[in-house]
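Single-structure report; data block below.
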Amino acid sequence: MSAPTAKPGLWTAVRELPSNVWSSVFRNPLPSTDLERAQTSFTNFFLHLHPVKVNRNTLRPAYTLGLGLISLFLFLILVVTGVLLMFYYVPSTTQAYDRMLDLRGTVAFGIFLRNMHRWSAHGMVAMVFLHMCRVFLTGAYKKPREFNWVLGVVLLLVTLFLSFTGYLLPWDQLAFWAITVGTSIAGYAPLVGSQMKFLLLGDTTVGQEALLRFYVLHVAVLPAVLTLLVAIHFWRIRKDGGLSRPESKPAADAGVVKIRIEPQKRVFGLQGFVRGPFTKIGNVPDDSVYSWPNLLLAELFVFVLTVSLILVVSLAFNAPLEQPVNVMHPPNPAKAPWYFLGLQEMVSYSAFWGGIGVPTVFVLLLFLAPYIERDPKGVGRWFARERLLANTVFLTLVVLNVIFIIVGTFFRGPNWTFVSPF
Ligand code: HEM
């Protein structure tokens, strides 16, 4: 019979409290062997979202440019600052603007909070767009990642809509007229245009109903939808075999399994032992590294960089706040938010084609791209020669959009006439 173990005394329990609490949360010590690195990825909820190992190529900063991660971190900053802003904001046409003034004047760090939220929102629109460009230009949308690309296009649209709904909330002249212009573009859609506009505004013009609808969409519906879609997006990355990468070249000794027996330093060759898609043994070089600490450090670096940049920009520049809404005095010209200025510029040539026709064709092309361009060559490399045509078409459309946005932002004056900003 084994001797009963002594019950630890109170003093021992107190002394060991920190280490016991720590080990009850984190079951493994900081990993120092490969087995422990794998276990750490398995047993920690957040790390469990990562695979145990990732391909070395996908960690190269020059490949992804970290744009997807930056988009994610900006979204997280938006959620945190957005929730804090909700403690002060009231979605009422009589109070919203005053609350903005309070944030500026009386709430501790209020203006800083608003700056962070505003600049992160603009940043997220830009980064999600650039992330889409990186995915296209590296051919990463092709089989088996077609569906994740489609999800990505939906994510881009939701991000734009999320930013658009937030634009109205300060209830100043900028907000009111930008949304008036933006929603009138939606009204150009044939047959359903005016119904869609009414559904969005809850009225025929922008007013209290619109403010409430935009608020609910902005703080509840769209963030929830985006969170769910991002979760599926990440899950798909793993199911699609990790990030895209150039096809690994078979090793010179493919099909030959070498077993090295250390003490005797003897090498045996087993001809034709393993064939097929076994990446570990002989067929292709094993380019994978453990997620802990390689991927984790890369993520931490991007996180610190993103947060630091937003902090610096928010310290240096204040989010705009113009005069309170005056429905009798539209600014001339009234401009949509910058990311819709390309549309507004096109609308100035043709309301239907600029506002509805061209954007619809563009979005449809985006959705269908992986199902139209199916040649598996040139995946995992920037500007691969094999994808010259697809990349040229895509870049032409992107550059045109950017040019229209620049013209709309800087070169359009009263009555949408051409002016020089210089
Ligand atoms: C809220 C928006 C988005 C977030 C947070 C997000 C996040 C990410 C992250 C973290 C990655 C892995 C690393 C990287 O490429 O940076 C990724 C990969 C990917 N994303 Fe996104 N993404 C978003 C929107 C989009 C959009 C708009 C598209 C395309 C239209 C897209 C398509 C893809 C594809 C196909 C991959 C796999 C790429 C590969 O295998 O190389 N994503 N995304």
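The values are calculated or read from the model by the stated rules, or taken from the named source; none is laboratory data. A quick note: this is a predicted structure, and the numbers were derived from the prediction, not measured. Note that we place each Cβ from the backbone using ideal geometry, even for glycine, and neighbour counts take in every protein chain shown. Just so you know, the surface numbers come from the protein's heavy atoms only, side chains and all, with ligands and any DNA or RNA stripped out. Shrake-Rupley method; radii C 1.70, N 1.55, O 1.52, S 1.80 Å.
Counting only protein chain heavy atoms and rolling a 1.4 Å probe, the accessible areas of TYR349, TYR339, TYR188 rank, largest first, as TYR349, TYR188, TYR339.
Equivalent-ellipsoid semi-axes (√(5λ), Cα gyration tensor) for the chain, whole Å, largest first?
On the way: eigenvalues 461, 217, 58 Å².
Whole-Å semi-axes of the equivalent ellipsoid: 48, 33, 17.
In the chain, the portion of solvent-accessible area held by carbon and sulfur atoms comes to 70 percent [1.4 Å probe, whole percent, DNA, RNA and ligands not counted]. For the chain, the mean residue ellipticity at 222 nm estimated from helices alone is -17500 deg cm²/dmol, where every DSSP H run of n ≥ 4 contributes -39500 (n - 2.57) and the total is divided by all residues, rounded to the nearest 500.
Computed from backbone phi with θ = phi - 60° and the Karplus coefficients 6.51, -1.76 and 1.60, the 3J(HN,Hα) list for segment 407-422 is 4, x, 6, 9, 10, 10, x, x, 6, 6, 7, 6, 10, 9, x, 8 Hz; x is used for glycine and proline. Coordinate range of the alpha-carbon atoms in segment 69-151 per principal axis, descending: 53, 22, 15 Å.
For segment 25-169, the relative contact order is 20 percent, taking Cα pairs closer than 8 Å that sit 6 or more residues apart in sequence and dividing their mean separation by the residue count.
Highest-first packing order for the peptide set 408-418, 287-297, 130-140 is 130-140, 287-297, 408-418, based on the mean count of other beta carbon atoms within 10 Å.
So, by mean Cβ neighbours within 10 angstrom, what's the order for 378-387, 168-177, 324-333 with the highest one leading?
Details: 378-387: 16.8, 168-177: 23.4, 324-333: 13.3.
The densest-packed peptide leads the list: 168-177, 378-387, 324-333.
In order along segment 193-205, the phi-based Karplus estimate (6.51 cos²θ - 1.76 cosθ + 1.60, θ = phi - 60°) of 3J(HN,Hα) comes to x, 5, 5, 4, 5, 5, 4, 6, 8, x, 5, 8, 10 Hz; Gly and Pro are listed as x.
Take every Cα pair under 8 Å in the chain that's 6+ residues apart, average their separations, divide by the length, and report that relative contact order as a whole percent. Could you put the intermediate results ahead of the total?
Values: 481 pairs, mean separation 96.4, N = 422.
Relative contact order here is 23 percent.
Residue-normalised convex hull volume from the C-alpha trace of segment 50-97: 99 Å³ per residue. A probe of 1.4 angstrom, applied to the heavy atoms of all protein chains, finds SER348 with accessible area near 60 square angstrom. Each peptide in 80-87, 113-120 was scored by the mean count of other Cβ atoms within 10 Å over its residues; highest first, the order is 113-120, 80-87. Please report the base-10 log of the normalised intensity I(q)/I(0) for segment 308-379, using a Debye sum with one equal scatterer per alpha carbon and no solvent, at each q in 0.13, 0.14, 0.19, 0.23 (1/Å). Calculated log10 I(q)/I(0) at the listed q: -0.74, -0.79, -0.92, -1.01. Rounded to whole numbers, the Karplus 3J(HN,Hα) couplings from phi for segment 35-42 are 4, 5, 4, 5, 5, 4, 5, 6 Hz, using 6.51 cos²θ - 1.76 cosθ + 1.60 with θ = phi - 60°, and x at Gly and Pro.
At q = 0.13, 0.14 Å⁻¹, what log₁₀ I(q)/I(0) does a Debye calculation on the Cα points of segment 286-413 give, no solvent, two decimals? After summing over all Cα pairs, the log10 values are -0.94, -1.01.
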